[in-house]
Amino acid sequence: EVGIMPESSTILLSNNENGDETRVDLGVLEVILGIAAKKVDGVNEMRGSLKSSIDKIFGRSNQGKGVSLTNRNGNLIADVYAYFDYGVNVPKVALELQKQLGLQLEQMTNLKLVETNIHVVGLISEDDKNNTKVEYKEVKN
């Protein structure tokens, strides 16, 4: 019976016959993909913010990241948590997000995302931008 390998926080980009290898931390890729996601038309912002990063440093609870990558045996799965602009075509924006993040990752690392799950956390109208945002929690059965 094969034991399940612990999921690694780094992923191998390349290695050679001398045993040299290049690895990248998934956290770095998450930040870069989060920046790329915010550039997609219709995406208002990502879940998590500078404030939540500061809270994390001081041990307070973190609301979660905008992009979370999972490495399953060298296969990368992205979970993207975004606020969309109110009134956009949600499936169209989600498809564009999937496309852009896949391109960004492949350009930088030659890695492919085998799965890109888009979680629309909320819709933000122009009026909401000036008010406090409400974050909806996912309810699991």
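Within the bounds of the stretch 37-56, is there any residue that is of a type in the set (A, V, I, L, M), farther than 29 Å from L13 by Cα and modelled with pLDDT under 90?
yes
Just the residues that are open to solvent by 50 Å² or more (accessible area, probe 1.4 Å) and either at pLDDT 95 or above or more than 22 Å from R23 (Cα to Cα) (or both), please, taken from the stretch 64-89.
Correct list: Y86, G87, N89.
The values are calculated or read from the model by the stated rules, or taken from the named source; none is laboratory data. These numbers come from a predicted model, not from an experiment. The accessibility values were calculated without ligands, DNA or RNA, using every heavy atom of the protein model including side chains. Shrake-Rupley method; radii C 1.70, N 1.55, O 1.52, S 1.80 Å.
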